[in-house]
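Bear in mind that the values in this text are calculations on the coordinates, not laboratory data. Keep in mind it's a predicted model, so treat the numbers as computed, not measured. No Cβ is skipped: glycine too gets one built from the backbone with ideal geometry, and neighbour counts run over all protein chains shown.
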Amino acid sequence: MKNRLAELRKTRGLKQEELADQLAVSRQTIGSLENGRYNPSIQLAFKIARYFSLPVEDVFIYEEEANDD
């Protein structure tokens, strides 16, 4: 799943650590989310979306996997 977290964070002038503090997660979690190495829980996804006052679909982009049929 792709996301716009880095873009949104940078637009607000926030460091990863500052955003992590606001969301009560680690800086490593923010870094992993931004690099696509970690998919958030549904609760964290909504928390992030609410923080940026956006629908969750505007932060996280779901891409279905292609079938090899």
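Give the residues of segment 23-42 that are β-branched (Val, Ile, Thr) and within 14 Å of residue 62 (Cα to Cα), sorted by residue number. Steps first, please.
Taking segment 23-42 as the starting set, the residues that turn out to be β-branched (Val, Ile, Thr) are 25, 29-30, 42.
Matches in segment 23-42: 42 only.
Annotation note: Cβ proximity below 7 Å between a residue of segment 34-56 that is under 15 Å from residue 9 (Cα atoms) and a residue that is among the polar types (S, T, N, Q) (sequence gap 6+ or interchain) occurs for 51/22.
As a summary of the residue check, residue 40 satisfies the conditions (1) at negative phi; (2) over 9 Å from the mean Cα position of the chain (by Cα); (3) assigned to a loop (DSSP other than H, G, I, E, B) except for the one numbered (2). Of the residues making up segment 43-69, those that are out of contact with any helix residue (DSSP H, G or I) (no Cβ under 7 Å at 6 or more places or on another chain) and not in a helix (DSSP H, G or I) are 53, 54, 61, 62, 63, 64, 65, 66, 67, 68, 69.
Residue count for segment 36-57 satisfying the condition of being exposed (fewer than 13 other Cβ atoms within 10 Å of the Cβ) and closer than 13 Å to residue 4 by Cβ: 3.
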